[in-house]
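Visitor: Sharing a structure, written as structure tokens. Questions coming.
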Amino acid sequence: DVFNFVLSEIPKNIKEILNHAGLEKEAIDFFLFHQANSYMNSYLTKKLKVAEDKAPQSLKWYGNTSSVSIPLTLCSQLSHSRLEGNKKLLLSGFGVGMSWASAVIQSADMINLGVIDV
């Protein structure tokens, strides 16, 4: 049920947040989705017609890390050089309890020190 919910509702939610922000999807530098599973994220990327390099995934290395998956993906997959200058990021979290939230944030010369594995 969660899977079907995500595939039907999250694309609508992303279109709503873009509309609310007065932006087209082409204005977004990176789409950071909750890392539930790679099929779901690939489906969202294709349904939204977003280039794969604009929707990084960290599942291959970390799996589904629940609420930390968006910042973990940002820190592990987007190097400091890819975040230089002004960037628009669309963050979209979703999952258990049929809950979801999306946000568009603008960064200015974001510093990314990467992930520290211990």
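Visitor: Past 19 Å, Cα to Cα, is the threshold; run LYS25/LYS47; LYS25/LYS54; LYS12/LYS46; LYS12/LYS60 against it and keep the listed order.
Guide: Numbers: LYS25/LYS47 12 Å; LYS25/LYS54 11 Å; LYS12/LYS46 14 Å; LYS12/LYS60 27 Å.
Over 19 Å apart, Cα to Cα: LYS12/LYS60.
Visitor: Right, next: In whole percent, and with a 1.4 Å probe on the protein chains, what portion of the accessible area of the chain is carbon and sulfur? Could the numbers behind the result be given before it?
Guide: On the way: 3680 of 6820 Å².
After summing per-atom areas, the C and S share lands at 54 percent.
Visitor: Could you give me the ³J(HN,Hα) list for the stretch 101-115, computed from phi with Karplus coefficients 6.51, -1.76, 1.60 and θ = phi - 60°, whole Hz, x at Gly and Pro?
Guide: Karplus values, whole Hz, x for Gly and Pro: 7, 9, 8, 10, 10, 10, 10, 10, 6, 4, 9, 10, 8, x, 9.
Visitor: Using only alpha carbon pairs under 8 Å that are at least six residues apart, calculate the relative contact order of the stretch 11-73 and give it in whole percent.
Guide: On the way: 53 pairs, mean separation 23.9, N = 63.
About 38 percent, as a whole number.
Visitor: For the chain, what is the accessible area per residue in Å², given a 1.4 Å probe and the full set of protein chains?
Guide: Values: 6820 Å² over 118 residues.
Value for the chain: 58 Å² per residue.
Visitor: Compare ASP29, ASP109 by solvent-accessible area with a 1.4 Å probe and give them largest first, with all protein chains kept in place.
Guide: ASP109, ASP29
Visitor: List the residue ranges in the chain for DSSP H helices whose C-alpha atoms run 18 angstrom or more along the long axis and whose Kyte-Doolittle average is -0.5 or above.
Guide: Details: long enough: 2-21 (27 Å, 0.30).
Helices passing the filter in the chain: 2-21.
The values are calculated or read from the model by the stated rules, or taken from the named source; none is laboratory data. From a predicted model like this one, the values you see are computed outputs, not experimental measurements. Keep in mind that these areas ignore ligands, DNA and RNA; they rest on the heavy atoms of the full protein, side chains included. Shrake-Rupley method; radii C 1.70, N 1.55, O 1.52, S 1.80 Å.
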